[in-house]
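Student: Here it is: the structure, laid out below.
The values are calculated or read from the model by the stated rules, or taken from the named source; none is laboratory data. Computed from a predicted model, the values in this text were never measured in an experiment. Cβ coordinates were reconstructed from backbone atoms using ideal geometry, including for glycine residues, and neighbour counts include every protein chain displayed.
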Amino acid sequence: MTRPRINQRKIDHQARRRRRAKRLFTGLLPVLALGALLGLSAGLSWAYHSLLEADRFRLTQVQISGIERLTPAQVLDALAVPKGINMLNLKMERLRERLNELPWITNAEVRLDLPANLAVMVQERKPLALVEGPPSCLVDQAGTLFLPASAEQYPDLPRLGGFAEARLQPGDRLPSTVTNALKALQAELEAHPIRELTQERSIVAWSLDNGLIWKAPAGDLEIAFGAAGFKVKCARLRWILQRLKSSNRLKAVQKIDLDYRQRAFLTWQDANRMD
């Protein structure tokens, strides 16, 4: 009877030891986990700061695509990125915001091209015309004025008059009827050019009554196009100009009004004559 009691005491004692050991381990487990986490965090922090100082990731080249009117120097100035900066210190969203502040840019994307290149993709505005002021401003294809400018700076763009009294500012928009009409007329003249209408410093004015009116630089000839139907009207104009030049009477005409169905009216320098 004595031996079974002794064995049972041993079993109970061992069970108590195992329970104490389990409680001790359970209590130490959070401490061990915290120590491991702190060690890992310290290791990651050291690794991160080492990367921020690594020569391998220092900026050596900025690749810019999509620019036509802007120069690479203007883009670099807007980015304001120090030469040789560690690439991992750059904030892409801030760089993108800086580029989008340029009037010419409608959208910009910036990405890291590790280990040492920065890629910049730019989408520029497409200028439609120079809207005469004051102030004179460039207007894009959507009809938004975006940059004060002069005819001398952009002689390749048509000049759009008729808005001086409105005193439009960058950020203002032209009515869609105006931009749609001007784009349609430009498309027709690009497809089928009319030499007389490509003179430098000529003006296309907008009138609520007559739509688009082309004016010669010297102011001695006006051509009223209206607001639509430019393919037919330009074909009619070519025929009229050919007849006038062949009869040596082009300089005698003051105005050609094409905004009529199947006809045109000519006003002559001689005020008593109209055809």
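Student: Given the structure, is Gly211 surrounded by fewer than 17 Cβ atoms within 10 Å (Cβ to Cβ), on the phi > 0 side of the Ramachandran plot and not polar (S, T, N, Q)? Can you show your working first?
Tutor: Details: surrounded by fewer than 17 Cβ atoms within 10 Å (Cβ to Cβ): no; on the phi > 0 side of the Ramachandran plot: yes; not polar (S, T, N, Q): yes.
The answer is no for Gly211.
Student: What's the number of the only condition in (1) outside any strand (DSSP E or B); (2) closer than 30 Å to Leu102 by Cα; (3) not aliphatic (A, V, I, L, M) that Asn248 fails to meet?
Tutor: With respect to (1) outside any strand (DSSP E or B); (2) closer than 30 Å to Leu102 by Cα; (3) not aliphatic (A, V, I, L, M), Asn248 is out only on (2).
Student: Right, here's the next one. If you scan the range 200-226, which residues turn out to be among the aromatic types (Phe, Trp, Tyr) and free of Cβ contacts under 8 Å to residues at least 40 places away in the same chain?
Tutor: Result: Trp214, single match.
Student: Of the numbered conditions (1) under 19 Å from Gly162 (Cβ atoms); (2) touching a Cys at 6+ places or on another chain (Cβ under 6 Å); (3) among the acidic types (Asp, Glu), Glu222 fails exactly one; give the number of that condition.
Tutor: That leaves (2) as the condition not met.
Student: Residue check, Pro82 against (1) outside the structural domain of Ser207 (by TED's automatic domain parsing); (2) under 20 Å from the mean Cα position of the chain (by Cα), all met but one. Which one?
Tutor: Of everything listed in (1) outside the structural domain of Ser207 (by TED's automatic domain parsing); (2) under 20 Å from the mean Cα position of the chain (by Cα), Pro82 misses just condition (2).
Student: What tally of residues in the range 188-216 results from selecting those that are of a type in the set (Lys, Arg) and in contact with a Ser or Thr (Cβ under 8 Å, 6 or more places away or on another chain)?
Tutor: Number satisfying all stated conditions: 1.
Student: Here is a further query. Against the definition (in contact with a Lys or Arg (Cβ under 9 Å, 6 or more places away or on another chain), in the same structural domain as Leu182 (by TED's automatic domain parsing) and farther than 23 Å from Gln186 by Cβ), how does Arg236 come out, yes or no?
Tutor: no
Student: Tally time: how many residues in the range 89-124 are farther than 26 Å from Leu147 by Cα and surrounded by 15 or more Cβ atoms within 10 Å (Cβ to Cβ)?
Tutor: 4
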